[in-house]
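The values are calculated or read from the model by the stated rules, or taken from the named source; none is laboratory data. For clarity, every value in this text was computed on a predicted model and none was experimentally measured. Here the Cβ positions follow ideal geometry from the backbone for every residue, glycine too, while neighbour counts run over all protein chains shown.
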Amino acid sequence: VADGVVGPGIGSPAAWPVAPWRSLPGRHVDAARAAQASLGPGLAAMRAVPLPFLGTTVEPTHALRWLDAPAPSTTTATAERGR
Amino acid sequence: MTAGSLADLDVAALRDRYATGSATPSAVLDAVLARIDAVDGELGACCHVAADTARRAAEASDRRWHEGTARPLEGVPFGVKDIVDTAGIPTTGGTLRWRDHVPACDATVIRRLLDAGAVLVAKLATPELAFGDARPGHTPTNPWSAEHWTGGSSSGPAVALAGRELPLAVGTDTGGSIRVPASYCGVTGLKPTFGRVQRGGVWPVSWTLDHTGPMARTVADVALALSVVAGEDPGDPASRPVPLDDYVGATTATDLAGVRVGRPIDWFGECDDDVATAVDAAVAVLVDLGATTVDVPLPSAHLAGTIAWTITVAEFASLHEDHLDDLDGYTPAAAARLVAGATLPASDYLRALRLRHVFQRELDEAFARCDVLVTPGTPTTAPRLAPTLDPIFAGGDVAWLERIARTLIPWNAAGVPALVLPCGLAGGLPVGLQVVGPPWHEAAVLRVGAAFQAATAHHRVVPPSRVVGPLTTSADGLMVCPSVQ
């Protein structure tokens with residue numbers, strides 16, 4: 001934990017897994033650290049949401065699937081009520 | 001009507017005049033180019049004006065109207081944010097890295113507009129890559145107050161519309177970039193459902209959250225433009241074979257009988273008092289039109305900003321990974337975000353992607369109780385510029401998210417349609433109202449927005465610096481530009 005930010009790889013330059021083929025000037029690292037540190041409370045809140053291993057796994061593709069097959073439209077129902 | 005005042009007309013009024021022969025696309029283009037010449041030195045909305053190309057297109061439109069073969073947007077001038085490819089016309093993304101880029105092909109959305117007869121006039125200002133700082137030439141001025149920010153990143157489109165330089169524009173929206181400037185500049189902008197409008201040829205910020213959408217001065221014009229640009233695109237993996245609705249027809253309703261308007265509580269209610277007052281008054285108008293209201297909880301909304309930021313910086317870094325060794329080629333904000341994204345743990349990125357669906361499931365419950373949601377467009381009016389043109393990023397990204405986009409980002413994360421339109425003034429600056437619908441139900445959102453605009457005059461109020469003709473006073477005491485009624 002560094003700069004109030006929870007989790008590995010953030011806020012601690014020594015822990016940053018910067019690829020060996022990439023050199024990052026210090027001022028850019030500092031700016032990125034500031035950007036990430038400012039989001040620390042939000043990241044902590046996001047990481048605190050339970051996503052249990054057991055049960056149905058929520059995957060990233062669920063979001064697109066939801067758009068493909070949204071819940072029954074209430075707009076249609078409204079139009080029918082209006083008739 | 002003078003040639004200059006033709007530039008004040010909205011899209012519907014232009015089509016009426018073309019149809020009756022009282023104006024031609026060439027005459028309107030002359031007026032638009034004259035307006036740009038007169039005011040854009042001050043407003044700075046345009047980063048490239050394609051006058052010669054536009055003149056040829058307008059002349060072709062003259063012939064089509066004369067021959068009776070006019071298409072839906074025949075002769076309508078428009079501009080597009082400078083991250084959308086336009087064949088043969090520079091597209092720079094507001095960045096030095098591609099400052100000499102001239103695309104060989106039009107973006108799909110541009111091709112659809114041109115095929116519908118619209119006349120491309122100008123490329124419009126954007127902060128670098130729609131996610132960094134604004135370089136010189138991409139720092140437009142809010143027509144309502146030069147001391148206040150335009151919002152971004154579709155800043156050029158919003159200023160061109162509010163400044164009466166153009167009647168129609170195309171913007172993009174990854175975390176509110178159509179709707180923030182629409183709210184701050186007093187114009188109307190739609191972020192459609194994710195995948196509803198094609199993204200081919202639109203420079204990406206985040207492939208998971210990027211949306212393309214129309215901006216105009218009225219909901220009816222936005223609906224007409226959406227009917228042209230919406231549709232499936234096999235080249236865009238976000239595109240879906242979902243039938244289009246009658247968007248224009250949806251805007252002819254003048255009452256909202258039977259429509260249930262949901263008001264998200266808690267997170268969305270935290271806004272400036274004068275913004276809350278204007279939004280409450282707008283909701284009262286909707287009720288007068290026949291709508292009913294219901295409070296709806298969205299417990300995960302407060303996470304949406306972090307979810308969207310995490311996804312956006314990670315994907316932004318991936319998109320620009322080939323250039324991470326040359327960060328000095330980017331503006332400081334873009335460089336900081338690239339590094340932040342490149343060093344973000346994969347687990348955070350994946351968690352953010354997974355949590356999108358958690359929020360979507362809350363929307364299922366919300367939309368079981370209402371047809372649309374209504375929130376403030378932005379929690380405040382446009383913030384004051386001091387001491388630089390970029391005060392928001394200087395405050396850090398959390399400040400940016402909380403001050404600007406807290407009411408907007410959730411709908412990017414969910415992928416649902418969201419419309420922002422003006423609903424009043426506070427301290428002389430526009431206040432925006434946002435209407436959000438279930439996936440693919442742009443028609444429901446447009447219906448509510450159009451009914452509101454039919455009952456009010458907020459969308460016809462012109463910035464004081466842009467008053468060019470005789471004004472009338474509306475019932476609520478607002479100055480109204482007659483030519484855009």
Mind checking which helices (runs of 4 or more DSSP H) fall wholly inside chain A and carry at least 2 residues that are over 21 Å from B:W411 (Cα atoms) and either at pLDDT 75 or above or among the aliphatic types (A, V, I, L, M) (or both)? A:26-38, A:40-47, A:74-82
Does B:G262 satisfy the criteria of being assigned to a loop (DSSP other than H, G, I, E, B) and in contact (Cβ under 8 Å) with a residue 12 or more places away in the chain? no
Considering only the stretch B:85-110, state which residues are on the phi < 0 side of the Ramachandran plot and either free of Cβ contacts under 8 Å to residues at least 24 places away in the same chain or under 18 Å from the mean Cα position of the chain (by Cα) (or both). B:D85, B:A87, B:W98, B:R99, B:D100, B:H101, B:V102, B:A104, B:A107, B:T108, B:V109, B:I110
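With B:T141, B:T91, B:T95 as the choices, which residue is in contact with a helix residue (DSSP H, G or I) (Cβ under 8 Å, 6 or more places away or on another chain), farther than 20 Å from B:A182 by Cβ and in a loop (DSSP other than H, G, I, E, B)?
Numbers: B:T141 fails: farther than 20 Å from B:A182 by Cβ; B:T91 fails: in contact with a helix residue (DSSP H, G or I) (Cβ under 8 Å, 6 or more places away or on another chain).
After applying the criteria, what remains is B:T95.
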Subset of the stretch B:323-343 (residues that are within 28 Å of B:V436 (Cβ to Cβ) and at the interface with chain A (Cβ under 7 Å from one of its Cβ atoms)): B:R337
Residues located in the stretch B:304-321, provided they are within 18 Å of B:R354 (Cβ to Cβ) and surrounded by 23 or more Cβ atoms within 10 Å (Cβ to Cβ): B:A304, B:G305, B:T306, B:I307, B:A308, B:W309, B:T310, B:I311, B:T312, B:V313, B:A314
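At pLDDT 95 or above, within 14 Å of chain A (Cβ to nearest Cβ) and assigned to a helix (DSSP H, G or I): does that describe B:A399? Show your work before the answer.
Values: at pLDDT 95 or above: no; within 14 Å of chain A (Cβ to nearest Cβ): yes; assigned to a helix (DSSP H, G or I): yes.
No: the conditions fail for B:A399.
Listed here are the residues, each with its yes/no results for (1) out of contact with any Pro (no Cβ under 9 Å at 6 or more places or on another chain); (2) over 20 Å from B:R71 (Cβ atoms); (3) of a type outside the set (S, T, Y).
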{"site": "B:A118", "(1), (2), (3)": "no, no, yes"}
{"site": "B:D133", "(1), (2), (3)": "no, yes, yes"}
{"site": "B:L161", "(1), (2), (3)": "no, yes, yes"}
{"site": "B:P181", "(1), (2), (3)": "no, yes, yes"}
{"site": "B:V202", "(1), (2), (3)": "yes, yes, yes"}
{"site": "B:V219", "(1), (2), (3)": "yes, yes, yes"}
Identify the residue in the stretch B:322-333 that is more than 26 Å from the chain's Cα centre (by Cα), assigned to a helix (DSSP H, G or I) and in contact (Cβ under 8 Å) with a residue 12 or more places away in the chain and, among all such residues, is surrounded by the most Cβ atoms within 10 Å (Cβ to Cβ). B:L327
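Scanning the stretch B:306-321 for residues that are within 11 Å of another protein chain (Cβ to nearest Cβ) and within 13 Å of B:S206 (Cβ to Cβ), which turns out farthest from the chain's Cα centre (by Cα)? Don't jump to the end; show me each part of the working.
Of all residues in the stretch B:306-321, those within 11 Å of another protein chain (Cβ to nearest Cβ) come to B:306-311, B:313, B:317, B:321.
Filter once more, keeping what is within 13 Å of B:S206 (Cβ to Cβ): B:307-311, B:313, B:317.
Values: B:I307: 22, B:A308: 18, B:W309: 20, B:T310: 23, B:I311: 21, B:V313: 21, B:A317: 25 Å.
Taking the candidates together, the pick is B:A317.
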Is it true that B:V431 is in a loop (DSSP other than H, G, I, E, B), of a type in the set (A, V, I, L, M) and at pLDDT 95 or above? no
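Within the stretch B:368-396, track down each residue that is among the basic types (K, R) and either within 18 Å of the chain's Cα centre (by Cα) or modelled with pLDDT under 90 (or both). Walk me through how you get there before you give the answer.
The first filter runs over the stretch B:368-396 and keeps only residues among the basic types (K, R), leaving B:369, B:384.
Within the stretch B:368-396, just B:R384 meets the criteria.
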State whether the residues of the stretch B:192-211 include one that is within 13 Å of B:A130 (Cα to Cα), without any contact (Cβ under 8 Å) to a residue 40 or more places away in the chain and in contact with a helix residue (DSSP H, G or I) (Cβ under 8 Å, 6 or more places away or on another chain). no
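Determine which member of the set B:R135, B:R56, B:R64, B:R71 is without any contact (Cβ under 8 Å) to a residue 60 or more places away in the chain and either assigned to a loop (DSSP other than H, G, I, E, B) or within 22 Å of B:G163 (Cβ to Cβ) (or both).
Details: B:R135 fails: without any contact (Cβ under 8 Å) to a residue 60 or more places away in the chain; B:R56 fails: either assigned to a loop (DSSP other than H, G, I, E, B) or within 22 Å of B:G163 (Cβ to Cβ) (or both); B:R64 fails: either assigned to a loop (DSSP other than H, G, I, E, B) or within 22 Å of B:G163 (Cβ to Cβ) (or both).
Among B:R135, B:R56, B:R64, B:R71, only B:R71 is without any contact (Cβ under 8 Å) to a residue 60 or more places away in the chain and either assigned to a loop (DSSP other than H, G, I, E, B) or within 22 Å of B:G163 (Cβ to Cβ) (or both).
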Can you name every residue in the stretch B:284-305 that is within 12 Å of chain A (Cβ to nearest Cβ), touching a residue at least 60 places away in the same chain (Cβ under 8 Å) and in contact with a Leu (Cβ under 6 Å, 6 or more places away or on another chain)? B:A291, B:G305
